[in-house]
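Have a look at the structure below before the remarks.
What follows is calculated from the coordinates using simple rules that are stated; it is not laboratory data. All figures in this text were calculated on a predicted structure; none of them were measured in a lab. Positions of Cβ are generated from backbone atoms using ideal geometry, with glycine treated the same way; all protein chains shown enter the neighbour counts.
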Amino acid sequence: MRTRLFVILSEAKNLIKWGLAFVFSFFFFVSTSLAQIAVKGETVYTMSGAPIKNGVVLIKGKTIERVGPASQVNIPNGYKVMNAKVVTPGLVDAHTVVGLAGIYNVPHDQMQLETSSPVQPELRALDAYNPREELVEWVRNLGVTTMHAGTGPGALASGSSIVVKTHGNTITEVLVDPVGMVMFTLGESVNDNFDSPGTRSKSVAMIRSEFVKAQEYTKKLNEKDASKRPDRDLKLEALAKVLSGEMKALFTVQTAPDIMAVLRMAKEFGFKPVLDGAAESYLLVDEIKKAGVSVIVHPTMVRPGGDTRNVSMETAATLKKAGIPIALQSGFEGYVPKTRVILFEAAIAAANGLSFNDALAAITIDAARVIGVDKRVGSLETGKDADVVLFDGDPFEYTTHVCGVIVNGAVASETCR
Amino acid sequence: MRAGTLSILAIFLCVAAAAQEKPHAFRGATIIPIEGAEIQNGVLLVQYGKILEVGTAEDVDIPSDAVVQDVTGKVILPGLVDTHSHLGDGSGGDRSAAIQPEVRILDAIDVRSNDFKKALAGGITTLNVMPGSGHLMSGQTAYLKIRPANTINDMLFCKDPLNDICGGMKMANGTNSIRSKPFPGTRAKSAAMVRQQFIKAQEYKAKIEAADGDESKMPKRDLEMEALVQVLDGKRVVHHHTHRHDDVLTVLRLAKEFGFRVVLQHVSEAWKVAKEIAESGAPCSIILLDSPGGKLEAVDIRWESGGVLEKAGVLTGFHTDDGITDSRLFLRSAAFAVRAGMSRQKALEGLTIAGAKMLDLQERVGSLKPGKDADFVILSGDPLSVYTHIEQSWVEGIKMFDRANPDDHKIATGGYNVFRTSVFLDECEGGAQ
């Protein structure tokens, strides 16, 4: 009797729960799909031209309707008006593990690296990313609206990344680019995680061997005689996509010899890598420039130790000055704090030689370019995704607050933090 | 490299001698003395490693033989006090026991480590270097001044390491010290082990008191007990790593039971138990983290703690826990506390005098007052602005860091072969956070 009553009660509870969920999701749907917002800023950094004094960003639905000075942009009736001292595009984190790595740092929420084998490019971040991870909310509340999320450093080839928005509950909702890049690492973290490779030479030899196999695989796939074509191999398929240029290869490398090893392999196999971390890149400015590759520079405040012992807070400025395309990233943290925040990393870069505009670009439009999503995000322009951040002062100042974050036209946060 | 370092040291020593004899006046800066109001167009006068006078240009007579440095447009703060640091490549207790009060970090510090220059680049001139948090009690900490040093004695605040109290006692609770045997496996066991040890120390102390100076009645010498008696006597302050609200209350309970003086360190969830902390009278040394988590106990850490503690009336300071946060960016800690509700005045005190009080060094450092040590930093602008750089750090009248010097600039920003030692982050071995 009691059990039955309990069942009935709990069913009733469920009914109420789902009912409420339905009602809420309905409101959510309505509010996001019909968003009409006017963001007014004393200074609007569009990142597609000079900053606008007393600017307005009109948002309709999920996209930007219009951007311009208040004198030229009329705010139609019914638009929700939000005011800010400074307005910027939603911030773009060019490399993070947030969503794969969780806040608790216990085995069940650490999905950023598989260590069963050193070469596993077939693993997809898509299958591991958790949009409800608390750290996603943390960085979103500090202005991050787009993230290039992938595996952490530590395996020669660790899998492929994705580009996601920071607001939404399912992978389908948040996905911007399901393809991303194939992620590689050279350096001490790899040697620590596996019996083999144990040295730099061995690491490079192993990656080259896999690329040679991928070349063979591609060749066989093109056989006219279908019976001679190889069985489908997810691993070689991923590497073949790097060789064909369908996917970019991101190499997390910190030391100068490792950076050179990447440039050598890129030349040998004819692909264009993106350098990630690149602590000692300031020693190889000419070589990197000549190779024409972009650099996702390590977090400015990354700790000097191990492979990053020679890190400099001025590297972003040095590379930018040389004309090398750069972006900044939150990177990977194994302990406390569990993630860095690109807004703060860019701020320290701006205090160490990078101009304000270049520092802001490194976490907006330049970052969007490096990860290949600049058609949708990174600047405030008509037709682009309505990702906007509101500040009550200079975005980089320690004591300024992020007072509003809009993702895809949805107001994700209105609290000053 | 080493020869270079030595020659730099030699230069410092020469400069020191010169600077010590003549008074040195710093003129034109905004001086933030911490104790007392900000002074516009101020003069700071120092000699023989001590502060002679601080005041406005009208109030302070600059002696005719003084070396005058024009610092118009700059900001002068007292040298910063870091109440919790792991610089100097030292380690404390080993794996043999969970409670090792006899271990002294001063026996393990490399005074030649470039780490200390890193602290100077962040404006830090006084440090509490601690053993790690992987033990219930990992050993005695060392209060250091970053002077030109050849041996650890050159850096210690105390005069005689054999007889003086040269630091505090590092303790920890929560998950870091929960490990396999002989360490505790639960929180309750952790507290029980600590209580048992303090009861033993109480008995040891009673025997000493009963002996009343009679050598033949004295208990056998025991280094562990001697250090704990210093704690019971209130001469050696406990610096207690603690994160979760219930762990914080456990520390306060034990401190009350045994009557020891305690500084709460980290205190991630201070904002949840600020009233209880205030009632206990224990100060808090908190840390700024860019994001919460990374370990279960730090999931609820918030920037708001500083402001909440201030409102509750708790003496609140900051620390770097270097390598958890970077000594060169210590000013950030105060700035983020202000961002989340702490007053500017209390936040600046948190970098200076509050920390000095936690180390019983408030008569020597932590504010710019006549008679105190001439430890100060010259900043390019407002201390809470990201764009501000620490231009010079002075310790007892000696210029120890100058950003205009290319080698020092490299310490401030990092670069090739600047830091040759690795940052350790293993909470059990060396022990941060």
Which distance in nm do the two modelled labels at A:Q72 and B:Q345 give, with both placed 7 Å along the Cα-to-Cβ direction?
4.9 nm
Separation between the A:Q110 and B:Q40 pseudo-spin-labels, each 7 Å from Cα along Cα→Cβ, expressed in nm?
5.5 nm
Using the Cα centre as the reference, give the magnitude of the dipole from point charges on the C-beta atoms of the range B:80-365 (Lys, Arg: +1; Asp, Glu: -1; all else neutral), rounded to the nearest 20 debye.
440 debye
Please find, in a Gaussian network model of chain B (springs between Cα atoms separated by less than 10 Å), the residue of B:F376, B:F419, B:F157 whose mean-square fluctuation is greatest.
B:F419
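Placing unit charges on C-beta atoms (Lys and Arg positive, Asp and Glu negative, everything else neutral), compute the dipole magnitude of chain A about its Cα centre in debye, rounded to 20.
So the magnitude is around 820 debye.
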For the range A:151-162, what does the Karplus curve 6.51 cos²θ - 1.76 cosθ + 1.60, with θ = phi - 60°, yield as ³J(HN,Hα) per residue in whole Hz, taken in order and with x for Gly and Pro?
6, x, x, x, 10, 4, 9, 10, x, 10, 9, 9
Axial C-alpha extent at least 24 Å, average Kyte-Doolittle at least 0.0 - helices from chain A (DSSP):
A:2-33
Measuring from the longest principal axis of the C-alpha atoms of chain B, the long axis of helix B:245-258 (C-alpha) lies at a number of degrees, nearest 10, equal to 80 degrees
By the scheme Lys and Arg +1, Asp and Glu -1, what is the net charge of all other residues having a beta-carbon under 14 Å from that of A:V373?
-1
May I ask which residue of B:T413, A:Q120, A:L135 lies farthest towards the positive end of the charge dipole of the protein assembly as shown, with charges of +1 (Lys, Arg) and -1 (Asp, Glu) on Cβ and the Cα centre as origin?
A:Q120
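At 0.36 nm per residue, and after removing the present C-alpha to C-alpha distance, how many nm does the segment from B:K275 to B:D233 gain when stretched out fully?
So the extension gain works out to 12.5 nm.
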Using a 7 Å offset from the Cα along the Cα-to-Cβ direction at both A:E216 and A:D286, what is the distance between the two label points in nm, to one decimal?
3.9 nm
Show which lysines lie in cross-link reach of A:K241 when reach means a straight Cα distance below 25 angstrom and same-chain residues fewer than eight apart are skipped.
A:K165, A:K202, A:K213, A:K219, A:K220, A:K224, A:K228, A:K267, A:K272, A:K289, A:K290, A:K375
Given Cβ charges of +1 for Lys and Arg and -1 for Asp and Glu, the option among B:T250, B:G307, B:A374 whose Cα lies farthest towards the positive end of the dipole of chain B is B:T250
Which FRET efficiency, nearest 0.05, do A:K60 and A:E223 yield, Cβ-Cβ r, R0 56 Å?
0.60
Of the listed links B:K346/B:K369; B:K145/B:K170; A:K40/B:K346, those spanning more than 27 angstrom between alpha carbons are A:K40/B:K346
Please give the length that would be gained between B:L223 and B:T186 if that part of the chain were fully extended, namely 0.36 nm times their separation in residues minus their C-alpha to C-alpha distance (nm, one decimal).
10.6 nm
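Which links in B:K50/B:K275; B:K50/B:K118; B:K220/B:K256 stretch past 32 Å when you go from one Cα to the other?
B:K50/B:K275
Determine the calculated [θ] at 222 nm for the protein assembly as shown from helices alone, applying -39500 (n - 2.57) to every DSSP H run no shorter than 4 residues and normalising by the residue count; nearest 500 deg cm²/dmol.
Here the helix-only value at 222 nm equals -9000 deg cm²/dmol.
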Springs between alpha-carbon pairs under 10 angstrom, Gaussian network model over chain A: which of A:H167, A:H298, A:H108 fluctuates most?
A:H108
Evaluate E = 1/(1 + (r/R0)^6) for B:D107 and B:N417, where r is the Cβ-Cβ distance and R0 equals 25 Å; express this FRET efficiency to the nearest 0.05.
0.35
Residue separation between A:S244 and A:D192 times 0.36 nm, minus their alpha-carbon distance, gives in nm 15.6 nm
Global geometry of chain A, whether rounded, prolate or oblate, following the gyration tensor of its Cα atoms and the 1.5 cut on a/c:
oblate
Integer Hz, Karplus 6.51/-1.76/1.60 couplings in order for the range B:307-313, x for Gly and Pro:
x, 5, 5, 4, 5, 6, x
With springs only between Cα atoms under 10 Å, which of B:L254, B:L80, B:L144 fluctuates most in a Gaussian network model of chain B?
B:L254
Ranking A:F184, A:V212, A:S201 by how far each Cα lies towards the positive end of the charge dipole of the range A:165-242 (+1 on Lys and Arg Cβ, -1 on Asp and Glu Cβ), the top one is A:V212
To test your reading of the geometry: what angle, between 0 and 90 degrees and rounded to tens, separates the Cα axis of helix B:187-211 from the longest principal axis of chain B?
90 degrees
Rounded to the nearest 0.05, FRET efficiency between A:K375 and A:K80 (Cβ-Cβ, R0 45 Å) equals 0.95
